[in-house]
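The values are calculated or read from the model by the stated rules, or taken from the named source; none is laboratory data. Being a predicted model, the structure only gives us computed values, none of them experimental. Positions of Cβ are backbone-derived with ideal geometry, glycine not excepted, and every protein chain shown enters the neighbour counts. Just the protein is used for accessible areas: all its heavy atoms, side chains included, with ligands, DNA and RNA removed. Shrake-Rupley method; radii C 1.70, N 1.55, O 1.52, S 1.80 Å.
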Protein chains: 2
Amino acid sequence: MSTSSHTILLIQTSPRLDSRTWADYESITDALDAICSMYEEFLSKKAAGGPVTYDVSQVYEFLDKLSDVSLMIFNRETGQYIGRTRAWIKQQVYEMMRGRCEHPKSGEKVIVGY
Amino acid sequence: MSTSSHTILLIQTSPRLDSRTWADYESITDALDAICSMYEEFLSKKAAGGPVTYDVSQVYEFLDKLSDVSLMIFNRETGQYIGRTRAWIKQQVYEMMRGRCEHPKSGEKVIVGY
């Protein structure tokens with residue numbers, strides 16, 4: 001997975017079309033981090049200041065509840081964007097979370113289980 | 001220009017990030033039509049029931065005022081999406097409007113000048 005590919009996140013959080021938004025990132029990892037941050041923000045509202053902990057199955061559930069989510073990832077070889085589905089995103093989030101459990105960053109507040 | 005290529009419109013109408021939205025269409029023409037419809041809707045609010053008329057320079061001005069606008073167009077040959085800029089969109093809108101002046105559809109309400 002290339003670490004610096006312009007990546008566009010297309011998201012629709014509810015069945016309402018006006019819940020569609022997009023954002024772009026300098027890498028796939030940044031886009032996946034942003035997705036996890038959205039979930040953490042959602043959790044922190046519920047946790048009311050307590051520690052925010054979650055496992056990958058909860059992120060999957062969050063992703064499944066979105067009306068739509070996809071990524072467009074720039075491919076240097078073609079100069080075009082590869083479309084990636086919800087299933088692909090779930091797989092990548094899993095890989096990313098697994099990697100962080102094996103190599104946690106110091107000061108990481110989120111306790112990740114998988 | 002292929003007439004049936006899945007086309008994603010990414011738009012940001014103001015400097016506010018929450019004005020970002022996206023929509024997808026079955027063809028480039030449908031996406032360009034949607035952009036013109038957005039402008040017509042904007043005009044019709046100002047026209048208060050009167051006829052809506054505009055020329056291509058006004059659509060250009062409308063497109064230039066958007067904080068961001070781009071298209072992602074599916075390319076069957078690569079299975080990937082080609083990113084298209086504001087400048088490209090303006091050129092295509094011009095071509096489309098010129099074509100319609102030469103071959104107007106019956107009942108077309110919009111008077112197009114260029």
B:Ser5 vs. criteria small (Gly, Ala, Ser), open to solvent by less than 30 Å² (accessible area, probe 1.4 Å) and touching a residue at least 60 places away in the same chain (Cβ under 8 Å): yes
Breaking point among (1) closer than 22 Å to B:Gly79 by Cβ; (2) aliphatic (A, V, I, L, M); (3) without any contact (Cβ under 8 Å) to a residue 40 or more places away in the chain; (4) away from chain A (no Cβ under 14 Å), for B:Ala23: (4)
Check on A:Thr13, open to solvent by 60 Å² or more (accessible area, probe 1.4 Å), more than 9 Å from chain B (Cβ to nearest Cβ), touching a helix residue (DSSP H, G or I) at 6+ places or on another chain (Cβ under 7 Å) and within 26 Å of B:Leu9 (Cα to Cα): yes
